[in-house]
Amino acid sequence: MWELTKSFRFEAAHSLPGTTFGEASEQIHGHSFRAEVTMRGTPDPSTGMVLDLGLLERSMAEVQKTLDHKLLNKVAALGPPTLENLSRFIFERVQHAGKIARVSVHRDSCNESCTYYGPQG
């Protein structure tokens, strides 16, 4: 079994009312994010690839365009702009590329990340 990971970066702003961080979190503020999309599988014998990364790259570019330099509170279908919702949102938009095992979103400046594995069951 192999895992293959491709990442992209985006810059975005958000506000998160109701956290223990108080006013600092409630005010609009920005972060640099890194999203990692991980595929899992066995390489196709004819191509030698788990997945054609070009297919995944197209999907990731669309998601990046949706999130980059945006106010995340205004992104439709995201919900509250948390790491949890960002990882789910990205997973849902790239899963059609196939064999997606998980999506992780990192805020390296805050030493935080969240990983979404998709619906279980």
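The values are calculated or read from the model by the stated rules, or taken from the named source; none is laboratory data. All values derive from a computational prediction rather than experimental measurement. Reconstructed Cβ throughout: ideal geometry from the backbone, glycine too, with neighbour counts over all protein chains shown.
Annotations
- So SER87, is it hydroxyl-bearing (Ser, Thr, Tyr), in contact with a Cys (Cβ under 7 Å, 6 or more places away or on another chain), surrounded by 16 or more Cβ atoms within 10 Å (Cβ to Cβ) and modelled with pLDDT of 90 or more: yes
- Within the range 63-85, residues that are more than 17 Å from PHE8 (Cβ to Cβ) reach no partner that is charged (D, E, K, R) with beta carbons closer than 7 Å at six or more positions or on different chains.
- Residue check, THR47 closer than 25 Å to GLU3 by Cα, modelled with pLDDT under 95, surrounded by fewer than 16 Cβ atoms within 10 Å (Cβ to Cβ) and hydroxyl-bearing (Ser, Thr, Tyr): yes
- Count - residues of the range 102-121 that are modelled with pLDDT of 95 or more, in a strand (DSSP E or B) and not polar (S, T, N, Q): 6
- Flag if VAL103 is in contact (Cβ under 8 Å) with a residue 40 or more places away in the chain, among the aliphatic types (A, V, I, L, M) and within 21 Å of PRO119 (Cα to Cα): yes
- Of the helices (runs of 4 or more DSSP H) that lie entirely inside the range 1-100, those containing 3 or more residues that are more than 19 Å from CYS114 (Cβ to Cβ) span 23-26, 53-67.
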